[in-house]
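Below: the structure, in structure tokens.
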Amino acid sequence: MSTPSRSGVFGEGPNRLVEQFTESVSFDHRLYAQDVAGSIAHSQMLAENGIISRDEQQLIEHGLLEIRAEIAAGNFELRTELEDIHMHIEKALIDRLGDVGRKLHSGRSRNDQVATDFRLWVRDAIDDVDKKLVELQRAFVSRCDRDADVILPAYTHLQRAQPVLAPHYWLAYCEKFERDRQRLQDCRRRVNVSTLGTAAVAGTTLQIDRHDVARRLGFEGVSANSIDSSSDRDFVLETAFVLTMIAEHLSTLAEEWVLWSTVEFNFIKLPQAFCTGSSIMPQKINPDVMELIRGKTARVVGSLHSLLVLVKGLPLAYNRDLQEDKPQLFDAVDTVSACLEIAAPVVQGAELNRDSITAGLDRGYLDATTFMEYLIRRNIPQRTAHHLVGQLVRKAIDKRVSLSELPLSDYQEAHPDLDDGVYEVLGAEKAIDAFVSYGSTASVEVAKQVERWKKKLETKD
Ligand code: ARG
């Protein structure tokens with residue numbers, strides 16, 4: 001039997017292995033709603049331009065809506081011999097309408113149809129991921145008042161560095177996810193371009209109106225070159241890249257909170273509903289959700305990598321290789337969506353272990369840098385001050401005390417100008433009070449940023 005994509009040119013049917021090997025309906029069935037929307041818009045344009053009659057268009061539109069309802073209800077059989085969702089829908093239409101159904105594919109090919117459907121799908125996916133990013137940002141912002149007075153050690157090289165306010169930490173993640181949102185919006189502009197009507201590769205000799213179809217589908221514009229259009233998967237790769245960045249950011253959070261929830265750090269208690277137990281060690285409360293967010297990042301990176309390799313060296317224009325783009329992006333979208341969805345309640349529900357954090361704040365000389373800056377304000381050159389504070393820290397380490405516990409004699413020995421004013425700037429809490437610069441952990445600066453974020457996300461708390 002000849003399948004719809006095998007024209008009269010074929011003298012024989014396909015090898016039995018070919019159908020299974022070349023089918024894409026097992027995954028591109030996810031494009032069914034987009035395919036119906038694209039076909040309805042295409043048929044409306046065909047009618048506007050006299051390529052089909054208005055009555056024919058009505059029949060086609062009605063038939064397509066029925067088919068969509070059947071697929072949505074699960075009453076639609078998918079058969080590999082029809083290759084992809086596009087052929088399934090067209091075949092079902094032809095089965096209903098005969099010759100009228102056979103007119104729908106005028107002025108388009110599957111190459112532009114697939115690209116258009118996928119663009120519509122990616123556009124929706126971007127909007128959905130964006131919403132989930134906002135939810136996660138909200139979860140962070142909702143913690144800011146609750147944790148306003150908590151001082152955490154900030155790390156560089158995973159070594160204790162400087163004290164910071166907890167909200168400063170939370171907003172660091174908001175910033176990262178904000179850049180992801182911006183990347184999504186930027187990428188969306190290039191996704192939101194119609195390729196329908198560029199047909200197989202050269203365009204069409206039929207009098208179609210591509211701008212009209214684009215408008216009907218909510219596209220911001222139409223692609224300008226038919227050869228480019230059928231080969232272009234930049235939009236898929238760009239989206240995969242942005243998703244990878246989101247996953248990378250999530251994996252940093254996941255790694256950090258896995259560490260923070262250890263007995264060794266003891267900074268945070270993850271909500272128990274989002275933890276798992278051990279089948280042998282009864283005492284265990286494991287952070288599997290965070291570990292899997294970290295782990296699933298590998299899949300997303302893998303998808304981006306596969307896509308990059310997929311398009312490498314492909315000659316213009318459409319090549320069947322491109323069919324392999326969908327499973328990769330579907331998986332990346334599904335994975336990142338699931339990670340974002342589960343990260344938000346974890347962020348919202350985790351509790352900082354205030355006592356343990358505060359008890360440890362004297363460890364690691366978090367105030368050393370602010371003390372050095374105090375010396376700079378006392379007119380000691382930075383390099384000299386840096387060296388001096390290093391020596392004082394060495395002394396404190398030897399005596400097993402904090403900088404604030406060193407006697408004044410040690411300070412005066414280090415520099416004759418120093419007096420007991422030094423104790424006014426020592427200790428993590430006083431160090432926090434000393435910050436002033438824009439974007440720093442200074443209380444007023446952090447409060448301003450929290451306000452800005454609240455306004456931006458319109459969080460009520
Ligand atoms: N199922 C294919 C895909 O998703 C459609 C290919 C249509 N074009 C072709 N020349 N065979 O890419």
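Values in this text are rule-based calculations from the coordinates and carry no lab data. Keep in mind that this is a model prediction, so the values were computed, not measured. A quick note on method: Cβ atoms are made from the backbone with ideal geometry, for glycine too, and the neighbour counts reach across all protein chains shown.
Grab the other residues whose beta carbon is less than 14 angstrom from that of Ala434, score K and R as +1, D and E as -1, and report the net.
That sum, taken over residues with Cβ under 14 Å, equals -3.
Please determine, in degrees from 0 to 90 and to the nearest 10, the orientation of helix 368-377 with respect to the longest principal axis defined by the Cα atoms of the chain, where the helix direction is its Cα long axis.
That works out to roughly 70 degrees.
5 Å is the cut-off here: which amide hydrogens, built 1.01 Å from N in the peptide plane, fall below it relative to Leu352, excluding neighbours closer than 5 in sequence?
Under 5 Å from the amide H of Leu352: Lys269.
Let me check the size of the chain from its C-alpha atoms; what are the radius of gyration and Dmax in Å?
Both quantities, over Cα of the chain: 30.4, 100 Å.
Looking at the stretch 374-461, which trypsin sites (Lys or Arg not before Pro) are in a loop (DSSP not H, G, I, E or B) and have at most 13 other Cβ atoms within 10 Å?
Arg400, Lys460
Placing unit charges on C-beta atoms (Lys and Arg positive, Asp and Glu negative, everything else neutral), compute the dipole magnitude of the stretch 1-134 about its Cα centre in debye, rounded to 20.
Dipole size: approximately 140 debye.
Which percent, nearest 5, of DSSP beta bridges in the chain are antiparallel? Please list the in-between numbers first.
Working: 9 of 11 bridges.
Rounded to the nearest five, the antiparallel share is 80 percent.
I'm checking a number: the convex hull volume of the Cα atoms of the stretch 316-461, normalised per residue, in Å³. What is it?
In the stretch 316-461, the Cα convex hull volume per residue is 252 Å³.
Which GluC sites (Glu not before Pro) in the stretch 187-279 pass both tests, a DSSP loop state and at most 10 other beta-carbon atoms within 10 Å? Working shown, then result.
Values: sites: Glu220, Glu238, Glu248, Glu255, Glu256, Glu264; in loops: Glu220, Glu264.
In loop regions of the stretch 187-279 (DSSP not H, G, I, E or B), the sparsely surrounded GluC sites (Glu not before Pro) are Glu264.
Using the crude model of +1 on Lys and Arg Cβ and -1 on Asp and Glu Cβ, and no other charge, please compute the dipole size for the chain relative to its Cα centre, in debye to 20.
Computed charge dipole of the chain: roughly 340 debye.
Between Rg and the Kirkwood Rh of the stretch 1-137, both from Cα atoms, what is the Rg to Rh ratio?
A ratio of 1.02.
Residue separation times 0.36 nm, minus the C-alpha to C-alpha distance between Asp433 and Arg79: what's the value?
120.6 nm
List, in the order given, every pair from Lys284/Lys454; Lys176/Lys312; Lys131/Lys326; Lys269/Lys454; Lys91/Lys131 whose Cα-Cα distance in the structure shown is over 27 Å. Please report the intermediate quantities before stating the final value.
Details: Lys284/Lys454 37 Å; Lys176/Lys312 30 Å; Lys131/Lys326 22 Å; Lys269/Lys454 25 Å; Lys91/Lys131 36 Å.
From Lys284/Lys454; Lys176/Lys312; Lys131/Lys326; Lys269/Lys454; Lys91/Lys131, over 27 Å: Lys284/Lys454; Lys176/Lys312; Lys91/Lys131.
Along each of its three principal axes, how wide is the spread of alpha-carbon positions in the stretch 88-161, in whole angstrom units, largest first?
Result for the stretch 88-161: principal-axis Cα extents of 73, 28, 17 Å.
So what's the angle, to the nearest 10 degrees on a 0 to 90 scale, between helix 32-48 and the longest Cα principal axis of the chain?
Tilt relative to the chain: about 50 degrees.
How big is the Cα convex hull of the stretch 181-301 in projection, averaged over all directions, in nm²?
Mean projected area for the stretch 181-301: 11.3 nm², to one decimal.
Sequence-distant or interchain residues sharing an amide H contact under 5 Å with Val222, placed H: which?
HN-HN under 5 Å from Val222: Ser194.
I need the P(r) histogram for the stretch 255-360: all alpha carbon pairs, bin width 5 Å from 0 out to the longest distance, whole percents.
2, 11, 16, 16, 13, 11, 9, 7, 6, 5, 3, 1, 0
Considering the dipole of the chain built from charges on the beta carbon (Lys and Arg +1, Asp and Glu -1) around the Cα centre, which of Ile40, Thr297, Gly11 is farthest to its positive end?
It is Thr297, whose Cα lies furthest towards the positive end.
Apply the Karplus curve 6.51 cos²θ - 1.76 cosθ + 1.60, θ = phi - 60°, to the phi angles in the stretch 305-320 and return the couplings in whole Hz, x for Gly and Pro.
Computed from phi, the couplings for the stretch 305-320 are 4, 4, 5, 4, 6, 4, 8, 4, x, 5, x, 5, 10, 5, 10, 4 Hz.
Tell me the mean residue ellipticity at 222 nm calculated for the chain from its helices only (DSSP H runs of n ≥ 4, each -39500 (n - 2.57), averaged over every residue, nearest 500).
Mean residue ellipticity, 222 nm, calculated: -19500 deg cm²/dmol.
Along its principal axes, what span do the Cα atoms of the stretch 307-401 show, with the longest given first and each in whole Å?
70, 38, 25
Stick to Cα atoms and the Kirkwood definition of Rh, then tell me Rg/Rh for the stretch 137-196.
Value, to two decimals: 1.25.
Can you give the net charge of the other residues whose Cβ lies under 14 Å from the Cβ of Ile67, counting K and R as +1 and D and E as -1?
Residues near Ile67 contribute -4 overall.
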